[in-house]
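Below: one structure, written as structure tokens.
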Amino acid sequence: MEVVIVPDAKAGGELIAEAMAALVRRKPDALLGVATGSTPLPVYEALARKVGAGEVDVSAARICQLDEYVGLPAGHPESYRAVVLREVVEPLGLAEAAFMGPDGSAEDIVAACEAYDRALAEAGGVDLQLLGIGTDGHIGFNEPCSSLASRTRIKTLTEQTRVDNARFFDDDLEQVPHHVITQGIGTILDARHLVLLATGEGKAEAVAQSVEGPLSALVPASALQLHRHATVVVDEAAASKLKLADYFRHTYANKPSWQGL
């Protein structure tokens, strides 16, 4: 995989936003997979600025969701559907019809998972999937020891992930759901381009294990090693435990500009 070390989160956001914009310029109806949480916000902000400045027309683009909480009431402000609409779809000026996501309030969750997997395939597949990484190396909500071949399914969150996400629920752990629907690792690997963004020292160990460690279900993000086009964008803090950091800096500095990400 390609590892790009940037000075800070803003630079990472700008770099990835330009990659998304370049994709949409080539393929106006591109399907962009988005992640939630605080880490990808600089990406969405930078992309919205490009749209506002007329640098890219996203009117035909489509957005799809990586995961969703199970059991939150419809319209809950911290449901990932609400978050994606608020942080991505609306700032880009897209209609809600351009958005795809799993139904976390469905009576038959298993059927809802299968339906979302089919919907992604029927839409032509995800062109670029943006990912974050958990402190335990999870991607989406594929917790450690998730199958590397897994498809969209229901998962039980680890206590650490619930603790990490409590900040979105007024720091009240009791409000954080125990279950989620998530694209499986196999589903994620179907995307044509995977871009993982990690910032902060707290992600450094997970990044190092994912990039330089062995392929292992214990570190779900290590599955990116299997992908034909995977890019890991990290700030200096998140890169601090990479043994090959100097090599990654050298290769990116000498990369032909026409290649893009």
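The values are calculated or read from the model by the stated rules, or taken from the named source; none is laboratory data. All of these numbers come straight from a predicted model, not from anything done at the bench. Positions of Cβ are generated from backbone atoms using ideal geometry, with glycine treated the same way; all protein chains shown enter the neighbour counts. Side chains included, ligands, DNA and RNA excluded: accessible areas come from the protein's heavy atoms. Shrake-Rupley method; radii C 1.70, N 1.55, O 1.52, S 1.80 Å.
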> For residues in the range 241-261 being of a type outside the set (A, V, I, L, M, F, W, C) and open to solvent by 100 Å² or more (accessible area, probe 1.4 Å), which is nearest to the chain's Cα centre (by Cα)?
Replying inline: 241
> Among the residues of the range 66-77, is any open to solvent by 30 Å² or more (accessible area, probe 1.4 Å) and of a type in the set (D, E, K, R)?
Replying inline: no
> Scanning the range 20-34 for residues that are in contact (Cβ under 8 Å) with a residue 24 or more places away in the chain and open to solvent by 10 Å² or more (accessible area, probe 1.4 Å), which turns out nearest to the chain's Cα centre (by Cα)?
Replying inline: 23
> Which ones in the range 86-96 are open to solvent by 20 Å² or more (accessible area, probe 1.4 Å) and within 11 Å of residue 34 (Cα to Cα)?
Replying inline: 87
> Restricted to the range 105-146, and to residues that are of a type in the set (D, E, K, R) and within 14 Å of residue 33 (Cβ to Cβ), which residue is least open to solvent (accessible area, probe 1.4 Å)?
Replying inline: 127
>> Just to verify a result, which residue in the range 3-13, among those that are more than 15 Å from residue 231 (Cβ to Cβ) and part of a helix (DSSP H, G or I), is least open to solvent (accessible area, probe 1.4 Å)?
In response: 9
> Taking only pairs six or more apart or across chains, which ones have beta-carbon atoms under 6 Å, a first residue in the range 170-182 that is free of Cβ contacts under 8 Å to residues at least 24 places away in the same chain, and a second residue that is crowded, with 20+ Cβ neighbours inside 10 Å and of a type in the set (Phe, Trp, Tyr)?
Replying inline: none
>> Among the numbered criteria (1) part of a loop (DSSP other than H, G, I, E, B); (2) farther than 26 Å from residue 198 by Cα, which one does residue 125 miss?
In response: (2)
> Could you give every pair whose Cβ atoms fall below 7 Å, whose first residue belongs to the range 1-19 and is over 14 Å from residue 255 (Cβ atoms), and whose second residue is open to solvent by 10 Å² or more (accessible area, probe 1.4 Å) and hydroxyl-bearing (Ser, Thr, Tyr), counting only separations of at least 6 or pairs across chains?
Replying inline: 9/199; 12/199
> Filtering the range 205-254 down to residues that are free of Cβ contacts under 8 Å to residues at least 40 places away in the same chain and charged (D, E, K, R), which residue is farthest from residue 141 (Cα to Cα)?
Replying inline: 246
> Given the conditions (1) in contact with a strand residue (DSSP E or B) (Cβ under 7 Å, 6 or more places away or on another chain); (2) part of a loop (DSSP other than H, G, I, E, B); (3) charged (D, E, K, R), and given that residue 249 satisfies all but one, which numbered condition is not satisfied?
Replying inline: (2)
> Given the conditions (1) open to solvent by less than 50 Å² (accessible area, probe 1.4 Å); (2) farther than 25 Å from residue 127 by Cβ; (3) in a helix (DSSP H, G or I), and given that residue 223 satisfies all but one, which numbered condition is not satisfied?
Replying inline: (2)
